[in-house]
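Undergrad: Pasting a structure here, questions to come.
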Amino acid sequence: YLLKCGTNTDNSFIQKDTFESTPNQREEIKAVRDENTRNLVRITADGMKTAIKFTTMPVNLAGKVAIQNFFKAGIVDSKQRRVRLTYWNDEDNVYKTSDFYLPDITFTISTISEDDIQYNPLSIELIEY
């Protein structure tokens with residue numbers, strides 16, 4: 001699996017070729033060039049954070065609800081949309097668990113019928129706290 005939320009590892013909703021992970025992103029506290037030597041001097045924060053982006057398969061209403069329930073299984077703070085996930089870290093080649101922010105999702109409807117709604121693929125982004 002790529003993502004685990006609670007005990008759920010069903011990632012069938014992810015279009016695998018859209019899955020992008022930027023693990024262990026470094027954050028510069030300060031980066032300057034020495035005025036004489038022009039050497040770069042970096043002060044990098046100790047903490048490293050991961051960002052994940054992917055697109056889902058096209059889904060119907062039941063599929064959309066299943067995706068929402070996948071993330072609800074790991075909710076830590078619903079107001080902040082803070083979700084605890086286990087994810088595959090490609091830089092370290094291990095699974096890691098951390099809290100992620102799940103930004104707003106735009107739902108685009110492709111068709112509706114009397115008993116169902118069809119959605120275009122959803123864009124999901126996860127940003128580690």
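The values are calculated or read from the model by the stated rules, or taken from the named source; none is laboratory data. Quantities reported herein were computed from a predicted structural model and do not represent experimental measurements. A quick note on method: Cβ atoms are made from the backbone with ideal geometry, for glycine too, and the neighbour counts reach across all protein chains shown. With ligands, DNA and RNA removed, areas are computed over all heavy atoms of the protein, side chains included. Shrake-Rupley method; radii C 1.70, N 1.55, O 1.52, S 1.80 Å.
Undergrad: All but one of (1) at pLDDT 95 or above; (2) open to solvent by less than 60 Å² (accessible area, probe 1.4 Å) hold for Thr44; state the number of the condition that does not hold.
TA: Condition not satisfied by Thr44: (1).
Undergrad: List pairs: first residue in segment 33-51 and farther than 27 Å from Ile127 by Cβ, second residue part of a loop (DSSP other than H, G, I, E, B) anywhere in the structure, Cβ distance under 9 angstrom, at least six positions apart or on different chains.
TA: So the pair list comes out as Arg33/Asn39; Val41/Asp34.
Undergrad: Given segment 72-129, what strands (runs of 3 or more DSSP E) lie entirely inside it while holding 1 or more residues that are among the β-branched types (Val, Ile, Thr), touching a helix residue (DSSP H, G or I) at 6+ places or on another chain (Cβ under 8 Å) and open to solvent by 30 Å² or more (accessible area, probe 1.4 Å)?
TA: Counting at least 1 such residues, we get 117-119.
Undergrad: Which residue pairs have Cβ atoms under 8 Å apart, sit 6 or more places apart or on different chains, and have a first residue in segment 1-29 that is over 17 Å from Glu125 (Cα atoms) and assigned to a strand (DSSP E or B) and a second that is open to solvent by less than 80 Å² (accessible area, probe 1.4 Å) and not hydrophobic (A, V, I, L, M, F, W, C)?
TA: If the second residue must be open to solvent by less than 80 Å² (accessible area, probe 1.4 Å) and not hydrophobic (A, V, I, L, M, F, W, C), the pairs left are Glu28/Thr44; Ile29/Thr44.
Undergrad: Follow-up. Could you pull out the residue among Asp46, Asp34, Asp92 that is under 18 Å from the mean Cα position of the chain (by Cα) and among the charged types (D, E, K, R)?
TA: Of the residues listed, the single one that is under 18 Å from the mean Cα position of the chain (by Cα) and among the charged types (D, E, K, R) is Asp92.
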